[in-house]
Amino acid sequence: MADKRSPHILNTSANLLGLCFIVLTSIKVSKMGDVSIIDETTAVAIVLFMTSCIFSFLAMRKDAESTNNRLEKLADVLFLSGLIVLFLTTMIITFNIIK
C-alpha cells in the first residue's frame with residue numbers, strides 16, 4: 001500500500017511546495033508585504049508540505065510494512081493540512097485583492 005500512495009504524495013507535495021514559494025515571492029514583489037498573515041500562512045504551508053515530502057520519501061525507502069503505513073499516514077495528514085492552509089491563504093489573498 002505504501003508503494004502506491006507515497007510517490008503521489010511526494011510528487012504533489014513538492015509541486016505545491018514550489019507553488020507556495022511562488023506565492024511568497026509574488027507577495028513580496030507586488031508590495032503586499034503589509035499583510036503579514038499571508039506570509040505566515042504561506043510559511044506554515046511550506047513547512048507542512050516539506051514535512052509531508054520527507055515522510056512520504058521515508059515511507060518509500062523503509063522496508064517494514066508497518067513503518068511504511070505509519071509514515072504514509074503521517075505524510076497524508078500533513079499533506080491534507082497543507083492543502084487546508086493553502087486554501088485559507090488563497091481565500092485571504094482573494095479577499096485582500098477584492099478589498
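The values are calculated or read from the model by the stated rules, or taken from the named source; none is laboratory data. If you're wondering where the values come from, they're calculated on a predicted model, not measured in any experiment. Heads up, the Cβs are rebuilt from the backbone with ideal geometry, glycines too, and the neighbour counts pull from every protein chain shown.
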Segment 69-99, subset surrounded by 15 or more Cβ atoms within 10 Å (Cβ to Cβ) and either small (G, A, S) or modelled with pLDDT under 85 (or both), residue farthest from R5 (Cα to Cα): I93
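Would you check which residues across segment 70-99 are over 20 Å from the mean Cα position of the chain (by Cα) and polar (S, T, N, Q) and list them? Please lay out each step first, then the result.
The initial filter retains those residues of segment 70-99 that are over 20 Å from the mean Cα position of the chain (by Cα), namely 95-99.
The one that is over 20 Å from the mean Cα position of the chain (by Cα) and polar (S, T, N, Q): N96.
Return yes or no: is I22 under 16 Å from the mean Cα position of the chain (by Cα), hydrophobic (A, V, I, L, M, F, W, C) and at pLDDT 95 or above?
Working: under 16 Å from the mean Cα position of the chain (by Cα): yes; hydrophobic (A, V, I, L, M, F, W, C): yes; at pLDDT 95 or above: no.
No: the conditions fail for I22.
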Answer residue from segment 43-68, given it is over 18 Å from L16 (Cα atoms) and among the small types (G, A, S) and is surrounded by the most Cβ atoms within 10 Å (Cβ to Cβ) among those: A59
